[in-house]
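The values are calculated or read from the model by the stated rules, or taken from the named source; none is laboratory data. A quick note: this is a predicted structure, and the numbers were derived from the prediction, not measured. As a convention, Cβ positions derive from the backbone with ideal geometry for all residues, glycine included, and neighbour counts pool all protein chains shown.
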Amino acid sequence: MSTGILLGIAVGAILVLLLLVIQLKMSAFVAMLLVSLGTALVTGIAPEEVVGTLQKGMGNTLGSVMIVVGLGAMLGRIIETAGGADALALAFTKKLGAKRVIGAVVAAAFVLGIPVFFDVAFIILAPIVFGFARIAGINPMRIGLPVAGVLLTVHVAMPPHPGPVAAAGITGADTGMMILVGLPICAATAFIGHFAAKLIDVEKYELGDSPASAHIGSVGSAGFEGALAVGRKAIPAGLVVLLILLPIVQIMGGTVSNMLLADGPTRKWMGLIGSSLVALLVAVIVASIAVGHHQGCNLEKRGSVLDSALPDVAVIVFVTGAGGVFASVLVASGIGDALSTSLVAMRMPLILAGFLISAALRASQGSATVAILTTAGLLAQPIADAGYSPLQTMLVTLAIGFGALGLSHINDSGFWIVTKYLGLSVKDGLKTWTLLSTVLGLTGFLLTWGVFALVG
């Protein structure tokens, strides 16, 4: 099929999906499976390969998301039901004042997001974000949106995240220089994004059933048994901090070891210990023991608290998986390749081409990492032929990362994690999260291009 036809099919598929979910109120899970099936057939994927393509998309997405979401939800439930989120929020609010709380949480998210994947960090921080919102008496979106935006910013642009690291390897950019120059650019982007999020009128959006809406209402702790028993106190804020930092420190240890240690048993073991799965599993076990002991709960009660977290995130997991199915079809159909080839043929400045190709691939197939790697591969030779300095090469690579930051929408698993946790409808998610992620992407690119112009 020609590029024009493929792009037309992609646009049509997204419009049909929006129509089914927004206008006809169809389940997002069912709608995405239906549109994915139709898109696969229309784009010419062989009938005998269609089911395999759909299953591959579901399996790949759930393989990376399901365990993390489940364990993260359990850790959050333990902290939340023991009054930990409120305890931490109260402690910070007393020290910083209510007006500084949002900025402090966003700044903390920026630091924590550097070594930790976007979805893992957001899921770990979600109950804390909602607890701060409840104590401050504000809409949870006021904190949730900028926190998610900051986490995604460092995820697409900063080593040691896989997209930027792999892209640097492809283009020949220096990762150390990428951290040195990219960190202040990401910080400035996050700062601007924080204020951009304030311009969103969150009060006009009605939140559906979700972890966020469950926190709206009266101020106070839910308690380890539905309500804190008489004489039972919420866990101390210091314990909450330790439980949150435990998996993050483990993940950081694995990341640093992978970067600094030579290949061998120590590096391999540190990689296992620092994996998201093991780090969160350890955190859940430690939290269950520590919090359960503090609250005086028996083993059966501790287990029931953990299990109670899973039904709340079931919808998030299934819808996220369906988003992976849609993305898999878009990739297999060749739509992304056709789009990137067309943009390369326009012969625009490489830094602009890198941003636009990455953004187009991000919009067409959903995955930020795939968009970054594909774009880096397409432009690796042109970058080498351009005779750029190491700094210029790094800036072009950074621009590619920022291209994958924006346009997070229905084919992106991150879109569903953010919107479902916050309780946003698809329509409202496009108006808020998609808009904010795009503003952040444009901001990061313009700052990068400005530095490129100064050193060019």
Expected single match for closer than 20 Å to GLY254 by Cα and not basic (Lys, Arg) among GLY176, GLY182, GLY144, GLY149 is GLY176
Mind checking whether some residue in the range 192-213 is in contact with a Lys or Arg (Cβ under 8 Å, 6 or more places away or on another chain) and within 23 Å of ALA73 (Cα to Cα)? yes
Any residue in the range 45-53 that is of a type in the set (Ser, Thr, Tyr), assigned by TED's automatic domain parsing to the domain that holds LYS427 and modelled with pLDDT of 85 or more? yes
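Just to be sure before I move on: is GLY176 surrounded by fewer than 24 Cβ atoms within 10 Å (Cβ to Cβ), on the phi > 0 side of the Ramachandran plot and not charged (D, E, K, R) in the structure I sent? Show your work before the answer.
Details: surrounded by fewer than 24 Cβ atoms within 10 Å (Cβ to Cβ): yes; on the phi > 0 side of the Ramachandran plot: no; not charged (D, E, K, R): yes.
No.
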Condition first: closer than 21 Å to LEU424 by Cα, at pLDDT 90 or above and in contact with a helix residue (DSSP H, G or I) (Cβ under 7 Å, 6 or more places away or on another chain). Can you find one or more residues in the range 171-193 that meet it? yes
Might you check whether a residue that is of a type outside the set (A, V, I, L, M, F, W, C), assigned to a loop (DSSP other than H, G, I, E, B) and within 26 Å of the chain's Cα centre (by Cα) occurs anywhere in the range 8-28? yes
Tally the residues that are of a type in the set (Phe, Trp, Tyr) and surrounded by fewer than 22 Cβ atoms within 10 Å (Cβ to Cβ), restricting the search to the range 416-451. 1
